[in-house]
Structures are given as structure tokens and as C-alpha cells.
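Since the structure comes first, as C-alpha cells, the remarks are kept for the end.
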Amino acid sequence: MKQRKRVLVKFSGEALAGEEGYGIDTQILKFIADEIKKLVDADIEVAIVVGGGNIIRGVTAAKDGIIKRTSGDYMGMLATVINGVAIQEALESIGLEARLQSAIDMHEIGESFIVRRARRHLEKGRVVVFAGGTGNPYFTTDTAATLRASEIDADMLIKATKVDGIYDKDPMKFPEAKKLPEISYDRALSEHIRVMDDTAIALAKENKLPIVVCNMFEPDNLKRIIEGDTSLCSIVH
């Protein structure tokens, strides 16, 4: 019997904002939910981590010294909970079962993060949305995504972005930028290729967790990549 695949998909908070640049675009929520449903229908176990940059970023909030960095980061964590609730609602609106687990206890809103419970939800075909980052300041949601993916024994971590992979320079600014189909963890770290922050990449390396970078706005991308189409992405491994 073929073993079911288990993946964690990381969405940025900014992606939820759409063209407005802030807040939550419900059409993007609907698109994300539809793409996740394709994975669930294909018997793939799915977990999600979402950032909070469409509402507030801790580093930005603390840049002028009025707000302490730790407080700014906790504000950012709360923003991810707001986004997590929105994604859970979008998934449930199209008939999927979803569970929100937060690293910061909020019993009226979602479950506390318990890894065994998260795994059990996944085994039952529920989508698990991890919110609240790692629960600690000074760690990004990229690191939270890598941590949660490692804890649930995901086969891969998919970073869903606005571009179709990793480039040697910003493809939005440089038309001549070259796509890198695959790179090593060590190269990503030594050359500071901003796939994810260094802590996240180092953690992925330690746990032999492949990081897949792809365009989240192309229909069927996630499903095709998980099924093995590497032309649609870049892989750090």
C-alpha cells in the first residue's frame, strides 16, 4: 500500500492582502482553499503556516524604538492567528475539515499546539493550520514553518510565493535573472540566498527537509509539484 504524502505549505501574510497591500482579500482566500482541496481530494495530508505581514510585522513595528522588539513580535504572532482563522473559515466554507492550532494559547479561537494531536488530525484527512509562529519572539514564520514541518514529519515544505522558484537575482527587477532549479542547503546559507531566513534553512538541513519554492497563484501548481513536476519550482535540499 502506497504511503500517503504529508506536506506543509507556507503562505506569506502579504500574499493574502492582494493588490490592496494590507488586510485580507477574500478572493485570494477562496483561491487558496480551492487549491488545498485539490490536495486533500488526492489523499495528500496538508498542514499550513501563514505569516502576518498583511497586518503587522514585528521587526517593522519595533524599528523606531517606541515598541519593543519582543512586543512587536508578539503583535506579529497575533496577526498570524487572525490569518489562520480566515484560512480555516475559507477551507470549511468549501466542505473541508480544518483545525487551527496556535502556539499561543487561545482556547476560544483554536486548539493549543500539540504535535500528536496535529498528526492525528492529518491522519484523519483534516487540514491543520498552525498559527502563532513558534510562540517565541525573534523567530520568523519561516522558522515556524520549518519547525512544524519537522515535528509532523512532512515529506516537504512548500514555500508558496509570487515567483516560480529561486533566482540568482530578483526576477521582478532584473529580466536577465536565471532560475536555479535546485540548490544545496549549504549554498543557500553561504550565499545568503533569501529562500528563507538562515535559521529556517539550517533547521531544514538538520532534518533533511526539502524546501520547495513555487508560485502560489498558478492553478494546480501545488498538486503537480507534489506529484513530481519539478519544472514548476526550485528545490533546496
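Quick note: the coordinates plus some simple rules give every number you see, no bench work behind them. Predicted model, so just to flag it, every value in this text is computed and none were measured. Every residue, glycine among them, receives a Cβ derived from its backbone with ideal geometry; neighbour counts consider all protein chains shown.
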For Lys179, counting only lysines whose alpha-carbon sits under 26 Å away and dropping same-chain residues fewer than eight positions off, the answer is Lys10, Lys159, Lys162, Lys169, Lys205, Lys208, Lys223
If each K or R counts +1 and each D or E counts -1, the residues other than Leu203 whose Cβ falls under 12 Å of its Cβ total -2
Ala61 neighbourhood, Cβ < 12 Å, K/R = +1, D/E = -1, net charge +2
The relative contact order of segment 6-236, taking Cα pairs under 8 Å that sit 6 or more residues apart, comes to a percentage of 20
Going residue by residue through segment 6-12, the Karplus relation 6.51 cos²θ - 1.76 cosθ + 1.60 with θ = phi - 60° gives ³J(HN,Hα) values, rounded to whole Hz and with x marking Gly or Pro, of 10, 10, 10, 10, 9, 10, 7
In this structure, the FRET efficiency calculated for Arg117 and Lys30 from their beta-carbon separation, with R0 = 30 Å, to the nearest 0.05, is 0.60
The size of the Cβ-based charge dipole (Lys, Arg +1; Asp, Glu -1) of the chain about the Cα centre, to the nearest 20 debye, is 480
Plugging the Cβ-Cβ distance of Lys173 and Arg194 into 1/(1 + (r/R0)^6) at R0 = 22 Å yields, to the nearest 0.05, a FRET efficiency of 0.95
Rounded to whole angstrom, the alpha-carbon centroid of segment 20-66 lies from that of segment 78-129 at a distance of 13
Protection proxy (average C-beta count within 10 Å per residue), highest first, orders 187-196, 125-134 as 125-134, 187-196
In nanometres, the difference between 0.36 nm per residue of separation and the alpha-carbon distance of Lys208 and Glu20 is 64.0 nm
Any residue on another chain or 5+ positions along whose placed amide H is under 5 Å from the amide H of Val127 is listed here as Glu97, Ala98, Arg99
Length gained if Lys37 through Thr230 is fully extended, taking 0.36 nm per residue and subtracting the Cα-Cα distance, is 67.4 nm
Restricting to lysines and to Cα separations under 26 Å from Lys68, and discarding same-chain partners fewer than 8 apart, the set is none
